[in-house]
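Read-outs throughout are calculated quantities, based only on the coordinates presented, and are distinct from any laboratory measurement. Predicted model, so just to flag it, every value in this text is computed and none were measured. No Cβ is skipped: glycine too gets one built from the backbone with ideal geometry, and neighbour counts run over all protein chains shown.
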Amino acid sequence: MITGANRGIGRELAERVLAQGDDVIALGRDRAAMAELGCRVVTADLSAPETLAGAVAGIDRLDALVHNAGIAEVGPVAETGLDTWQRHLTVNLAAPAELTRLLLPALRAASGHVVFVNSGVGLSAGPMWSAYGASKHGLKALADALRAEEQGNGVRVTTVYPGQVATEMQRALRESMGVPYDPRRAMSAGTAAEAIRYVLNVPAEATVHDLRIAPSDPVPHATSRRR
């Protein structure tokens, strides 16, 4: 299962996993876009985690769960309202936690693998990244706790920390921060997806706990909003 498989890293990953002969369950809101992949589609809204139980009912065996979907908005703490905080913590943290809880029996049955697609901001958040960074720091804590808890059940847990990726989300973030967008200085969504596919294909005798990948020549983030 791959969340956010309708575009960007999620779609690239889904295409690669399908190409290697595996089945994919694409989970997200954009059913039409996910249907283009030619795989099983589960329509669900991560902004409403309380609805996820009905969406994934009946899945009793799952080899891998990739938490790729997420949202990102930037701004100084002084201008970040409660709704922005709640939205980030719900979509980027509470929803992955709930989806993992619901699917743990299926993952245990398959000695499966949970992969959290985090961010470099999930390790160190600078100016403008408070809400997003907090949600991603929380996602790291979730992954670390889950790994320790599920090791005895045969479930592997990995966090992947991609740096700047050439997606429409990255373009929008750059514009809001006043930093020129240059996709040539970001890694492609395909490169990020290939790193995740590598993690998924590591033999079961080993677990990659954390993998950080970044573009070779990234554009520095702005330290403040352009006026």
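What Kirkwood hydrodynamic radius do you get for the chain when you take the inverse of the mean 1/r over all pairs of distinct Cα atoms, in Å?
17.9
Could you run the Karplus curve 6.51 cos²θ - 1.76 cosθ + 1.60 with θ = phi - 60° over the stretch 26-36 and give me ³J(HN,Hα) per residue in whole Hz, x for Gly and Pro?
Result, rounded to whole Hz: 8, 10, x, 8, 8, 4, 4, 5, 6, 4, 4.
Quick query: amide H of W129 versus all other amide H atoms, modeled in the peptide plane; which residues come in under 5 Å with a sequence gap of 5 or more or a different chain?
When sequence neighbours closer than 5 places are left aside, the close amide H contacts are G75.
Measure out, as a whole number of angstrom, how far apart the alpha-carbon centroids of the stretch 32-54 and the stretch 173-206 sit.
23
Please report, in debye to the nearest 20, how large the charge dipole of the chain is about its Cα centre when each Lys and Arg carries +1 at its beta carbon and each Asp and Glu carries -1 there.
Dipole of the chain, to the nearest 20 debye: 480 debye.
Report the extension gain between A110 and D182 in nm, rounded to one decimal, defined as 0.36 nm multiplied by the number of residues separating them, less their alpha carbon distance.
Gain in length upon complete extension: 21.7 nm.
Given only helices, namely DSSP H runs of n ≥ 4 each adding -39500 (n - 2.57), what is the per-residue ellipticity at 222 nm of the chain, to the nearest 500 deg cm²/dmol?
-11500 deg cm²/dmol
Towards the positive end of the charge dipole of the chain, with charges on Cβ (+1 Lys, Arg; -1 Asp, Glu), say which of V115, M177, L37 has the farthest Cα.
M177
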